[in-house]
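Notes follow the structure.
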Amino acid sequence: EVNWLSTTQNIKVVDEIQAIFSLDNALQVWDKNYNYKLNIKNIDNFNWKAYLSYDDAYLSSNTWWIQFVNSQASGTLKTTKKATEKTTIKVYVDGKKSPILVTPQILPDKPMKIQITQNVNTIEASTSSKVSLIAALQDIYWNTVFTDNDTVFTLDIPEKYSEIISVNSKTRRLNKWVIDFELTETDIPGRAYYTINSNKSLSDNKVVFT
């Protein structure tokens, strides 16, 4: 007589794997570590893998995949020197039809300088000639400080150059992180200089490297 051994296994079928990815919405620029977690809500003992895809201009990691243990997984992402209003992280989970999309901000550091851009450096001496200037606050890593919309810039033209150029509006507030000034030339040729100052002191802002 032969005795056969038998076992019974249950298979759970779900419409869609419910995965939750947890990460701070606002990350700080430059070499900061941020832990993330990934949980599977509707499957017990889920022990497969997940894979991360992101723009390595903004983020880095020592591994591009993580292992689930009992439906939970975790890892670490590190920021680079580049800030951005939004970057996309795609998380692909084994068995899940579509990736999880996460769009954190990478915040700039404190403002350290005023960046000025001119559209031209040389123009004809004419009252119809104009120069457009764009001024913005930047951090130590050359990121535009898009978290600041309160700072006021003042453009000063020394009196001895006021016969050569004038400005449409001397004082202006940041608008979408930048300020635009328009200089108007006169019919007097020459070389003119101007300065732009902010109403907030940048001298106290510093970065300590350890």
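The values are calculated or read from the model by the stated rules, or taken from the named source; none is laboratory data. Being a predicted model, the structure only gives us computed values, none of them experimental. Glycine gets a Cβ as well: all are built from the backbone with ideal geometry, and neighbour counts include every protein chain shown. Heavy atoms of the whole protein, side chains included, go into the accessibility calculation; ligands, DNA and RNA do not. Shrake-Rupley method; radii C 1.70, N 1.55, O 1.52, S 1.80 Å.
Using only the alpha-carbon atoms of the chain, report the extent along each of the three principal axes, biggest first, to the nearest angstrom.
Dimensions of the chain along the principal axes of its Cα atoms: 116, 39, 24 Å.
Assigning unit charges at the beta carbon (Lys, Arg +1; Asp, Glu -1) and nothing else, what dipole magnitude in debye, to the nearest 20, does the chain show about its Cα centre? Present the calculation step by step, with values, prior to reporting the outcome.
Details: 23 positive and 23 negative charges, 77 e Å.
My answer is approximately 360 debye.
What is the magnitude of the charge dipole of the range 25-74 about its Cα centre, with +1 placed on the Cβ of each Lys and Arg, -1 on the Cβ of each Asp and Glu, and no other charges, expressed in debye to the nearest 20? Don't skip to the end; give the middle numbers.
Details: 4 positive and 4 negative charges, 37 e Å.
Dipole of the range 25-74, to the nearest 20 debye: 180 debye.
Of the options GLY190, GLY95, ILE165, report the single residue whose Cα projects farthest towards the positive end of the charge dipole of the chain (beta-carbon charges: Lys, Arg +1; Asp, Glu -1).
GLY95
What residue among TYR161, TYR141, TYR36 shows peak mean-square fluctuation when the chain is described by a Gaussian network model with Cα springs under 10 Å?
Result: TYR161 has the largest fluctuation of those listed.
Could you report the range 19-73's accessible area per residue, 1.4 Å probe, as an integer in Å²?
Numbers: 3320 Å² over 55 residues.
That works out to 60 Å² per residue.
Evaluate the distance, in nm, between pseudo-label points positioned 7 Å from the Cα of SER98 and of ASN121 along their respective Cα→Cβ axes.
5.1
With a 1.4 Å probe and all protein chains left in place, how much of the accessible area of the range 69-156 comes from carbon and sulfur atoms, in whole percent?
C and S fraction of accessible area: 46 percent.
Once you charge only the Cβ atoms, +1 for Lys and Arg and -1 for Asp and Glu, what is the size of the charge dipole of the range 33-157 about its Cα centre, to the nearest 20 debye?
Dipole size: approximately 580 debye.
Which Cα, out of ASN121, ILE179, GLN9, lies furthest along the positive dipole direction of the chain (beta carbon charges, K/R +1, D/E -1)?
GLN9
From a point 7 Å beyond the Cα of ARG173 in the direction of its Cβ, which residues of the range 134-162 have a backbone N at a distance under 12 Å?
The answer is 149-153.
What's the percent breakdown of Cα-Cα distances in the range 1-96 across 10 Å bins, shortest bin first?
Pairs per bin, as whole percents: 14, 40, 23, 12, 6, 3, 2, 0.
Starting from the Cα of ASN197, step 7 Å toward the Cβ, then list every residue of the range 130-154 with an amide N under 11 Å from that point.
So the set is 154.
Who wins for biggest fluctuation among ILE188, ILE20, ILE164 in a Gaussian network model of the chain, springs between alpha carbons below 10 Å?
Greatest mean-square fluctuation among the candidates belongs to ILE188.
Over the range 87-210, give the accessible area per residue in Å² for a 1.4 Å probe, as an integer. Walk me through the numbers before you get to the answer.
On the way: 7540 Å² over 124 residues.
Heavy-atom accessible area per residue stands at 61 Å².
Quick one: of LYS78/LYS113; LYS170/LYS200; LYS49/LYS97; LYS176/LYS200, which pairs are farther than 22 Å apart, Cα to Cα?
LYS78/LYS113
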